[in-house]
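A.B. asks: Below is a structure I'd like to ask you about.
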Amino acid sequence: MKKRELSILLITALLCVSFLTPSAWAGSKQKHRWEGIAIGVGATLLGCALFNQYNDSTYYSHHKPAVVPASAYRQLPPRYSRYAGHWEVRKEWVPPTHRRVWNPGHYDRVGRWIPGRWIEIVDRRGYWTEVRVWVSR
């Protein structure tokens with residue numbers, strides 16, 4: 001019996017403390033306005049979706065689907081051509097491109113003279129690409 005009285009006393013104290021807090025701690029009224037609007041719109045859309053799904057399922061449960069006889073479908077004859085074949089996607093390597101550029105003589109960081117020479121600069125790295133290829137029979 002003492003646990004029950006203690007729990008009732010504790011709940012009552014918590015309720016009183018929660019009602020004693022001033023409303024000034026809550027912040028401005030406009031601070032969370034758009035969040036409330038978004039929650040309301042979301043709840044409306046969800047409710048409409050659930051309601052319409054329920055109405056549609058009850059409406060269509062009374063109607064039987066139309067049965068089309070198999071003879072109504074006409075099968076097309078197979079198409080043969082001297083150009084018969086198919087497209088395939090294959091991976092193809094595109095090699096990198098280089099160009100030779102003259103690097104004139106200059107001093108390096110330490111102060112040593114480096115004579116001019118030809119150097120190769122990579123314009124574009126090599127890469128794999130997918131290419132559609134027609135494969136005939």
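A.B. asks: Conditions: (1) assigned to a loop (DSSP other than H, G, I, E, B); (2) at pLDDT 85 or above. Lys29 meets all but one. Number of the miss?
C.D. replies: (2)
A.B. asks: Residue by residue through segment 78-137, note down the ones that are part of a loop (DSSP other than H, G, I, E, B), in contact with a strand residue (DSSP E or B) (Cβ under 7 Å, 6 or more places away or on another chain) and at pLDDT 90 or above.
C.D. replies: Result: Pro96, Gly105, Asp108, Gly116, Gly126.
A.B. asks: What's the total number of residues in segment 94-126 that are surrounded by fewer than 10 Cβ atoms within 10 Å (Cβ to Cβ) and under 39 Å from the mean Cα position of the chain (by Cα)?
C.D. replies: 3
The values are calculated or read from the model by the stated rules, or taken from the named source; none is laboratory data. On a predicted model such as this, the values are computed, not experimentally measured, just so you know. Neighbour counts run over all protein chains shown; Cβ positions are idealised from the backbone, glycine included.
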